[in-house]
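The values are calculated or read from the model by the stated rules, or taken from the named source; none is laboratory data. Predicted model, so just to flag it, every value in this text is computed and none were measured. All Cβ positions, even for glycine, are placed from backbone atoms using ideal geometry, and neighbour counts span all protein chains on display. With ligands, DNA and RNA removed, areas are computed over all heavy atoms of the protein, side chains included. Shrake-Rupley method; radii C 1.70, N 1.55, O 1.52, S 1.80 Å.
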Amino acid sequence: MNSIFKWAGAALTASLLAACGGGGSSELVLPEANALCASAGLLPKIVNGADCAQPERSPVVLLLMLGGDGETRSCSGTMLTPVRVLTAAHCMPPDTQRIAAVQWKATGKGQLVYAAGWVAHPGFSAAGEGFQNDVGVVTLRSGMSNPAMPLLVSSPSKKGDEAFIAGWGQPGLDLAVGYVRMTKVNETHLGFVYKETGSNTCSGDSGGPAYRAIGGPPGVVGVTSSGSVAGCGDGDLSLFSNIQSPGVLNFIRAQAPGAGEI
């Protein structure tokens, strides 16, 4: 499979942000906008839509990365603690010069919270299907007010699991939440094939979470990693790094001490 990064170009301003949402499917019942947005701690912005308002209330944050080529790209991330953000390893290539998270205010304006450091999984690789160990942790210089989301480790992921996905990816301009059914689950990946109905991740969603609730608050089960179709269209195999993989989970625990688990 030719893996495609699900990250996007962006400028270091709060105005050039992107998002991804989804529609319904006869095979998968898409929750109403209230339920989609509430899963990420948000309120619906558009009636019956999946774009969500008040991003300052969500653990899903926008990350901006300045590369060695002088270009700024965007990814998504999940707050694990006030200063630790889970994202994808491919969002922080070796030439990365600077990373910042966007702290939104109730006024709708955002400010940058710069990273003190970042670490990609040492086993990150583009070999094989998708990317292997595609996770990384950003440590911020100061704490964010966004809530954190725990890691879901008590319920093993399996085929048929329905999960929320969230991120700041295309085609919109806001944080959005979708809903999917996983058809591929192994030690390294969770995934599904997009069939033009339901939801899909796209450019800018890299590093964002796939998450489930098991009778309580939701927990992260996957990190948006790659796809197989440019433009995220029909037939796209969307893959998420499985955070329950022992090597990935141990890495996250070491790099994000204090992260919650359920």
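Okay, residues lined up against (1) over 16 Å from residue 41 (Cα atoms); (2) open to solvent by 10 Å² or more (accessible area, probe 1.4 Å):
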| site | (1), (2) |
| --- | --- |
| 163 | no, no |
| 189 | yes, no |
| 203 | yes, yes |
| 255 | yes, yes |
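Taking the residues in the stretch 214-250 that are open to solvent by 20 Å² or more (accessible area, probe 1.4 Å), among the small types (Gly, Ala, Ser) and touching a strand residue (DSSP E or B) at 6+ places or on another chain (Cβ under 8 Å) as candidates, determine which candidate is farthest from residue 85 (Cα to Cα).
Only one residue tops the list, namely 235.
Report whether or not residue 140 is of a type in the set (A, V, I, L, M), more than 16 Å from the chain's Cα centre (by Cα) and under 30 Å from residue 97 (Cα atoms).
yes
Only residues that are buried (at least 16 other Cβ atoms within 10 Å of the Cβ) and among the polar types (S, T, N, Q): list them for the stretch 144-154, please.
Answer for the stretch 144-154, where residues must be buried (at least 16 other Cβ atoms within 10 Å of the Cβ) and among the polar types (S, T, N, Q): just 146.
Among the numbered criteria (1) in a helix (DSSP H, G or I); (2) without any contact (Cβ under 8 Å) to a residue 12 or more places away in the chain, which one does residue 247 miss?
Tallying (1) in a helix (DSSP H, G or I); (2) without any contact (Cβ under 8 Å) to a residue 12 or more places away in the chain, residue 247 fails exactly one: (2).
Taking only the stretch 222-244 into account, find how many residues are within 11 Å of residue 78 (Cβ to Cβ) and part of a strand (DSSP E or B).
Residues flagged as within 11 Å of residue 78 (Cβ to Cβ) and part of a strand (DSSP E or B) within the stretch 222-244 amount to 3.
Yes/no matrix, rows are residues, columns are (1) open to solvent by 20 Å² or more (accessible area, probe 1.4 Å); (2) closer than 28 Å to residue 228 by Cα; (3) not in a loop (DSSP other than H, G, I, E, B):
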site	(1), (2), (3)
114	yes, no, yes
130	no, yes, no
138	no, yes, yes
142	yes, no, no
156	yes, yes, no
159	yes, yes, no
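Please verify whether residue 183 is β-branched (Val, Ile, Thr) and open to solvent by 60 Å² or more (accessible area, probe 1.4 Å), treating the condition exactly as stated.
So residue 183 passes the test.
Consider only pairs whose beta carbons are under 7 Å apart and that are at least six residues apart or on different chains; among these, list those whose first residue lies in the stretch 57-80 and is under 13 Å from residue 224 (Cβ atoms) and whose second residue is part of a helix (DSSP H, G or I).
Every condition considered, the pairs that remain are 63/91; 75/91.
Among the numbered conditions (1) touching a Pro at 6+ places or on another chain (Cβ under 9 Å); (2) at pLDDT 85 or above; (3) in a helix (DSSP H, G or I); (4) not aliphatic (A, V, I, L, M), tell me where residue 90 comes up short.
(1)
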